[in-house]
Amino acid sequence: MLELLNSDYKIDSLYITESFHNLYVKSITKTPFEVVGSKDLERMGEFTSNDSALAVVNMQDNKELKLEGEEFILALDGVNDPGNLGTIIRIADWYGISKIICSENTAEVYNSKVISASMGSFTRVNLYYCSLAEYLSKVKTPVYGAELQGQDIHKKFASSGFIVLGSEASGVTNEVQKFITEKITIPRYGKAESLNVAVATAIICDNLKRTI
């Protein structure tokens, strides 16, 4: 909640418990709020474990994001599990990646499970929903795609570009694959069939930061 209060999101309503108010009174001086009981928060929200604060916030506009300078952008192709998307947002934030391009069938960023899994990182990582294939057709920088038959990720990456990750069930779609300039893969040393997409994102981001 503190990250939301310090972000550029517009808060319409804020409901907090007395204990939250006592701990963070200096952080909420500019935001109107109402003190309620923890049972009230449980009834208003989706998570029964919430006993601190709840906010009603305006969604931000779906603004196009572009590559600027030497940076990497994640591109998600059909990652439709909200928990995975929230975790990927959190991973991107950890590795200093502030932009994610999402296909139109990727989970909605404002899904409550996405917000919860992101642990506040949604306030620092921007998402743009669009036709991913159409978007990538216009870029001029390297587009790396996570594929089982790709090159070992223990390599040197370019100084900027896009990292495309598909859903665990279907991978990167054929439509998007047309615009991938280099396929990459996480080498497998055991017998597991696949990796969770969020776990794969973390491994790729870590190698990316170590090699550029």
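Readers should treat all values here as calculations from the given coordinates under stated rules, not as data from a laboratory. Computed from a predicted model, the values in this text were never measured in an experiment. FYI the Cβ positions are ideal-geometry reconstructions off the backbone, even for glycines, and counts take in every protein chain you see.
Bridge orientation summary for the range 106-212: considering DSSP beta bridges with both residues in this region, about 10 percent are antiparallel. Residues Val176, Val35, Val125, Val164, ranked from the fewest to the most other C-beta atoms within 10 Å, line up as Val35, Val125, Val176, Val164. Stretching the chain fully between Asn105 and His21 yields a gain of 26.3 nm (0.36 nm per residue, less the alpha carbon separation). Dipole magnitude for the chain: computed about the Cα centre from +1 point charges on Lys and Arg Cβ and -1 point charges on Asp and Glu Cβ, it is near 640 debye.
For Asn62 and Thr181, the difference between the fully extended length at 0.36 nm per residue and the C-alpha to C-alpha distance is 40.2 nm. Within the range 1-87, the percentage of alpha carbon pairs spaced more than 20 angstrom apart rounds to 52%. Which entry in (i) 18.6; (ii) 19.0; (iii) 19.6 is this structure's computed Kirkwood radius over Cα pairs in Å? Read-out from the structure maps to (i).
Going down the table (Lys30/Lys99; Lys113/Lys138; Lys99/Lys183; Lys140/Lys209; Lys63/Lys183), which pairs top 25 Å between alpha carbons?
Lys30/Lys99; Lys113/Lys138; Lys63/Lys183
Counting alpha carbon pairs within less than 8 Å and at least 6 residues apart, what relative contact order, in whole percent, applies to the range 2-57? Relative contact order here is 45 percent. Of the residues Gly120, Gly96, Ser52, the one whose Cα sits farthest towards the positive end of the charge dipole of the chain is Gly96 (charges of +1 on Lys and Arg Cβ, -1 on Asp and Glu Cβ, taken about the Cα centre). Stretched out straight at 0.36 nm per residue, the stretch from Lys191 to Ser170 would grow longer than its current Cα-Cα span by 5.6 nm. Ranking Phe72, Ala133, Ser167 by Cα position along the charge dipole of the chain, where only Lys, Arg, Asp and Glu carry charges on their C-beta atoms, puts Phe72 farthest toward the positive end.
For the chain, the relative contact order works out to 20 percent when only alpha carbon pairs closer than 8 Å and six or more residues apart are counted.
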